[in-house]
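Okay, structure first, notes after.
The values are calculated or read from the model by the stated rules, or taken from the named source; none is laboratory data. Predicted model only: the values in this text are computed from it and were never measured. Note that we place each Cβ from the backbone using ideal geometry, even for glycine, and neighbour counts take in every protein chain shown. These accessible areas exclude ligands, DNA and RNA; they are computed on the full protein's heavy atoms, side chains included. Shrake-Rupley method; radii C 1.70, N 1.55, O 1.52, S 1.80 Å.
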Amino acid sequence: MAGKAVGRVARGTRAHGTTATEGGQDAVDDQRRAPAVEPAAGRIGTPEEPAPLDRGERRQLDVVRRFGTVGSLLLAVGALGAGANPVLPSVQGLRLLGLPARLPTASLAVAYAGLLMVVLAWLALGRLARPGRPRLISRSQLDRTLVMWAAPLALAPPMFSRDVYSYLAQSEIAARGLDPYLVGPVDALGPDHPLTRGVPNIWRDTPAPYGPLFFSFARVITWVAGDNVELGILLHRALALAGLALIVWALPRLARRCGVQPVSALWLGALNPLVLFHLISGVHNEALAIGMMLAGFEVALRNRRVAAVVGALLITCAAAVKISVAPALGFLGAALARRRGGRISDLVKVALLLTVVFVAGLVATSLLSGLGFGWTGTLDTANKVKSWMSPATALGMLGGGIGIALGLGNHSDAVIALTRAIGMGLGGLAMAALLWLSFRSWGRHRVREPLACLGVSLGLFILLGPVVHPWYLLWAAIPLAAATNSARFRTAATGISVFLALMVPPPGSTFDNRVYVLWQAVVAAVIVVLLLLWFVRRVLLREQGFPTAAPLPPTR
């Protein structure tokens with residue numbers, strides 16, 4: 001097996017003439033990556049090392065990377081006038097930076113053009129990161145692409161959501177010594193406070209639904225930034241980028257444990273447009289929670305007893321940011337119990353250990369934060385939103401509408417409550433079944449089943465839950481990106497990611513009574529992107545015809 005893999009790498013290198021002087025740093029990285037001996041052949045859970053990209057593919061990668069970078073820059077510029085800006089943006093009145101705010105429709109068109117370019121570049125990059133290809137993009141090439149696409153969004157105003165303004169207002173409440181789990185921004189800060197103005201109306205009078213560890217971080221941000229909205233946004237985004245760094249660290253390691261190519265997992269998990277648009281640009285604290293969850297899973301699977309405790313603590317801390325992470329401990333327990341022998345007694349011992357760690361960790365974070373356990377009573381705050389993306393809520397809304405049409409009265413709230421309860425019950429049953437399956441299913445890879453079952457269970461629980469937002473699907477997509485090479489899953493996940501990435505407008509608003517503005521911007525953006533695609537297509541076709549360099553001399 002190792003000899004075949006080495007021969008395959010050698011043939012790929014000789015056939016395409018890869019040298020250290022072609023293609024700049026990417027070519028050097030590819031040359032270093034080509035192994036003389038496959039280091040992990042025959043070892044369960046470790047994928048074979050692919051050959052590096054050839055000359056034509058490296059040129060295509062360069063075009064795709066720049067195309068996506070231009071798109072990200074356009075998104076950043078469009079965010080100045082069409083982002084989820086606060087009510088009184090500080091750039092107003094400035095000659096250059098204030099211009100996009102005075103041209104909102106043009107800014108929206110620019111933002112949509114950038115959005116389409118990033119999505120198309122991601123799809124094109126996926127061809128070079130597809131599992132099963134004899135030649136794949138290298139890890140360093142993918143990492144540089146991620147940095148190039150994420151950097152403009154990390155410095156631009158928020159887009160696609162205004163949740164970060166709720167973070168800032170609720171953090172100010174906690175910093176003042178008040179309880180963010182009892183009062184909302186209007187009652188605690190007043191309606192005219194700079195941090196209250198940017199909060200969406202629906203959340204101005206509601207308590208916070210986030211865990212105590214998140215507010216421990218957020219309170220430090222408030223002490224540094226004060227009432228400065230821009231600085232506060234950048235610091236919260238730094239927190240999100242720290243979560244992304246944990247994802248980038250843990251995802252390829254988990255992928256290798258499951259026999260998945262790390263770059264394939266990173267393309268679908270970390271470079272996903274939903275990550276770029278919602279976790280980075282939208283500044284959602286899911287980035288930190290998912291990153292800590294994956295890091296905890298990876299640390300706990302190392303062959304050390306203390307590592308299991310440390311990993312469980314990381315997952316507990318993630319749950320203290322966003323409680324949705326908590327099921328990961330159950331699937332981690334299934335993986336650890338299987339490693340100990342797979343007996344029921346092993347499962348009981350591991351479950352007791354993880355329960356103690358989980359309870360102790362949540363108690364410690366709740367008390368040390370000074371906020372107590374009020375967060376346990378606000379976990380359903382998000383259910384105030386009636387999202388048609390949730391099948392359970394949409395079915396309840398449909399049932400209520402049918403009742404009104406039949407003259408039975410308006411019982412929509414009661415019907416929605418019923419369908420939501422049924423959905424949550426089905427989601428809980430599915431999660432319990434997958435927990436048992438992940439413990440009892442013995443396969444070739446002992447880690448693959450628990451991690452895959454975690455992704456599937458989180459996906460089902462989200463879809464059957466009361467509220468669904470586009471970035472919620474990342475709870476399922478990112479673990480599954482590392483857990484499976486299934487072509488069907490990757491195709492479905494890619495299609496869903498593209499659909500959800502295009503569905504939410506950059507301002508994060510609904511454009512009530514002015515939808516024509518949205519369509520004008522979209523049409524203008526499509527025309528611009530089609531012209532750019534025509535140019536890029538010509539370049540790509542021409543570069544595919546480039547002759548390859550002379551073959552390397554045979555090595556002895």
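Between segment 206-265 and segment 127-192, what is the C-alpha centre distance in whole Å?
7
Please identify the trypsin sites (Lys or Arg not before Pro) of segment 167-218 that satisfy two criteria: DSSP loop assignment and at most 13 other Cβ atoms within 10 Å. Which are they? Please list the in-between numbers first.
On the way: sites: ARG176, ARG197, ARG204; in loops: ARG176, ARG204.
Passing both the DSSP loop test and the Cβ count: ARG176.
Between PHE373 and SER140, take the C-beta separation as r, use R0 = 60 Å, and let me know the FRET efficiency to the nearest 0.05. Mind showing how you got there, number by number?
Details: r = 46 Å, r/R0 = 0.76.
The calculated FRET efficiency here is 0.85.
Under a plain spin-label model, where a point goes 7 Å from the Cα along Cα-to-Cβ, how far apart in nm are SER345 and ASN228?
About 6.1 nm, to one decimal.
Can you run phi through the Karplus equation (6.51, -1.76, 1.60; θ = phi - 60°) for segment 211-219 and list ³J(HN,Hα) in whole Hz, with x for Gly and Pro?
For segment 211-219, the Karplus-derived couplings read x, x, 5, 4, 6, 5, 5, 5, 5 Hz, x marking Gly and Pro.
Could you list the trypsin sites (Lys or Arg not before Pro) in segment 297-341 that lie in coil according to DSSP, counting only those with at most 16 other Cβ atoms within 10 Å of their Cβ?
Those satisfying the criteria are ARG302, ARG304.
Could you order peptides 394-406, 289-301, 68-80 by the average number of other Cβ atoms within 10 Å of their residues, highest first?
289-301, 68-80, 394-406
What percent do you get for the relative contact order of segment 401-491 when only Cα pairs under 8 Å and 6+ apart count?
Relative contact order here is 27 percent.
Apply the a/c threshold of 1.5 to the C-alpha gyration tensor of segment 385-504 and tell me whether it is rounded, prolate or oblate.
The shape class here is oblate.
To the nearest 20 debye, what charge dipole does segment 390-495 have about its Cα centre, counting +1 at the Cβ of each Lys and Arg and -1 at the Cβ of each Asp and Glu?
Computed charge dipole of segment 390-495: roughly 520 debye.
Give me the mean projected area, in nm² to one decimal, of the convex hull enclosing the Cα positions of segment 97-163.
With every direction weighted equally, the projected area is 6.0 nm².
May I ask you to order 453-465, 270-282, 418-430 by the average number of other C-beta atoms within 10 Å around their residues, highest value first?
Highest to lowest by the protection proxy: 270-282, 453-465, 418-430.
Taking R0 as 56 Å, what FRET efficiency do you get between TRP249 and HIS411 from their Cβ-Cβ distance, rounded to the nearest 0.05? Walk me through the numbers on the way to the answer.
Working: r = 50 Å, r/R0 = 0.89.
The formula returns an efficiency of 0.65 here.
At 0.36 nm per residue, and after removing the present C-alpha to C-alpha distance, how many nm does the segment from VAL359 to ARG133 gain when stretched out fully?
Value of the extension gain: 76.8 nm.
Solvent-accessible area of TYR165, probe 1.4 Å, all protein chains present, reported in Å² to the nearest ten, please.
10
What order, most packed first, do the peptides 121-129, 261-269 have when packing is the mean number of other Cβ atoms within 10 Å of each residue? Walk me through the numbers before you get to the answer.
Values: 121-129: 20.0, 261-269: 25.0.
Descending packing order for the listed peptides: 261-269, 121-129.
Rounded to two decimals, what ratio of Rg to Rh does segment 128-284 give with C-alpha atoms and a Kirkwood Rh?
Values: Rg = 18.5 Å, Rh = 17.0 Å.
My calculation puts Rg/Rh at 1.09.
Pop the C-beta distance of ALA326 and VAL517 into the FRET formula with R0 = 41 Å and round what comes out to the nearest 0.05. The partial results should precede the final answer.
Numbers: r = 42 Å, r/R0 = 1.02.
Once rounded, the FRET efficiency stands at 0.45.
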